[in-house]
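These notes concern the structure reproduced below.
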Amino acid sequence: MRSHKSAEKAYKQATKKALRNRIVKTKIKTCVRKVEDQVTSRNFSRAKSALSVAESFIMKAVAKKVLKLNTASRKLSKLANKVKVLEALV
């Protein structure tokens, strides 16, 4: 058990942040999966709209300091390249 009041507060804050981070990361993974599913089904218009939703979620995660900017940029770049390749094929 935590013996100081500040340690108790820090524990509560860390628990809340960990829960929020886990929820945000799960949403990001879901958005990324949706984009990849549309790319594999070769549906360009849906892939493009799913990409914009994913981009919004990922950049919000950066603003909330769940992801670092370089990590977010790398994820978005990979997704954008997949959609771009799909556009060339369709």
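None of the figures in this text is laboratory data; all of them are computed from the coordinates on show. Bear in mind that the values here come from a model prediction, so they are computed numbers and not experimental data. Cβ coordinates were reconstructed from backbone atoms using ideal geometry, including for glycine residues, and neighbour counts include every protein chain displayed.
The figures follow:
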item: Point-charge dipole on Cβ atoms (K/R +1, D/E -1) for the chain, about Cα centre, debye to 20; result: 540 debye
item: The chain, relative contact order in percent, only Cα pairs under 8 angstrom and at least six apart counted; result: 29 percent
item: Restraint check, Lys9/Lys78; Lys16/Lys75; Lys27/Lys78; Lys60/Lys82, Cα-Cα greater than 28 Å; result: Lys9/Lys78
item: Entry for Rg and Dmax of the Cα atoms in Å (calculated from the structure that is shown) out of (1) 17.6, 63; (2) 11.5, 33; (3) 37.9, 127; result: (1)
item: Residue (of Phe57, Gln13, Leu67) at the positive-pole extreme of the chain, dipole from beta-carbon charges; result: Gln13
item: Extension gain from Ser73 to Ser41, taking 0.36 nm per residue of separation minus the Cα-Cα distance; result: 9.1 nm
